Amino acid sequence: MKPLLYKEFKLAMHPICYVFVFLFPLMLLIPSYPIAIGFIYVLTCYPILFLGANKGQQSNDLLYSTLLPVRKKDIVLARIVTVAIMQFVFIMMLCALYPLARLINENLSNVPSGKGSSIPGLGLDAFVSVIGIALIGYTIADLIYFPIYYKKGRSIVMSTLLMILGFVLYIGIFTIALPFVPGMEWYKNGLSGNIGIQFIVLGVSLILYVVIHYLIYRIASKLLEKVDF
């Protein structure tokens with residue numbers, strides 16, 4: 001597994017992926033920036049990573065990986081772990097920038113951080129909840145992407161489009177639309193004002209993330225075993 005992960009980061013991952021993961025969290029510092037939508041930047045790395053793009057050229061990464069003396073399910077696991085690392089590094093970068101983002105929003109925007117820091121819906125006051133919601137969004141995205149891609153080993157365009165569509169719809173509903181549905185005030189107030197509820201949401205999201213990603217690994221591994229290159 002360690003050599004496969006080394007291959008992922010040294011050969012498969014294009015430098016632009018690091019730019020997306022390490023620099024785009026800085027957009028959290030923009031006043032009134034929709035933080036929930038910002039999580040999508042990690043997903044835009046998928047086509048580059050799964051193409052095995054090295055210096056902008058497709059290198060048939062999956063084909064050559066299957067020729068290595070390793071199990072196909074380990075290839076899938078290494079890719080899932082790589083994606084998970086990207087997702088959590090992005091989230092940790094956001095967490096590190098969160099105090100500064102609150103300070104900027106409160107001083108430059110001249111509005112309470114929960115009302116003006118996101119347009120519209122859940123803002124910085126619901127930051128912990130938004131991370132939990134984003135983790136479920138990543139889970140949904142991976143549940144769409146990995147099975148579609150590993151079914152044939154080359155369905156990058158279709159899997160990417162469906163993944164991003166599913167993620168945007170989910171994030172849009174749970175962070176932007178629902179807080180403004182009549183009768184759903186408890187939803188926004190609970191996720192924004194109660195830190196205990198926020199950490200419960202985060203904890204449940206982490207559990208679902210781990211459990212469902214294990215299922216994604218099992219499903220994708222079985223699909224790749226059937227692929228004949």
For segment 76-88, indicate whether the set of residues that are in a loop (DSSP other than H, G, I, E, B) and among the charged types (D, E, K, R) is non-empty.
no
Report yes if V70 is among the β-branched types (V, I, T), modelled with pLDDT of 80 or more and either in a helix (DSSP H, G or I) or touching a strand residue (DSSP E or B) at 6+ places or on another chain (Cβ under 8 Å) (or both), otherwise no.
no
Restricted to segment 33-62, and to residues that are surrounded by fewer than 16 Cβ atoms within 10 Å (Cβ to Cβ) and assigned to a loop (DSSP other than H, G, I, E, B), which residue is modelled with the highest pLDDT?
T44
Can you tell me which residue among L4, L28 is crowded, with 18+ Cβ neighbours inside 10 Å, modelled with pLDDT of 80 or more, out of contact with any Lys or Arg (no Cβ under 8 Å at 6 or more places or on another chain) and farther than 27 Å from I171 by Cβ?
L4
Filter segment 141-174 for residues that are aliphatic (A, V, I, L, M) and closer than 22 Å to L77 by Cβ; which is surrounded by the most Cβ atoms within 10 Å (Cβ to Cβ)?
A141
Cross-chain or 6+ apart pairs with Cβ under 6 Å, segment 208-228 first and surrounded by fewer than 16 Cβ atoms within 10 Å (Cβ to Cβ), then not in a helix (DSSP H, G or I):
V227/G153
The helices (runs of 4 or more DSSP H) lying entirely within segment 144-229 that contain at least 3 residues which are at pLDDT below 80 and touching a Leu at 6+ places or on another chain (Cβ under 8 Å) are 185-193
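The values are calculated or read from the model by the stated rules, or taken from the named source; none is laboratory data. Given the structure is predicted, the values throughout are model-derived calculations rather than measurements. Backbone-built Cβ (ideal geometry, glycine too); neighbour counts: all protein chains shown.
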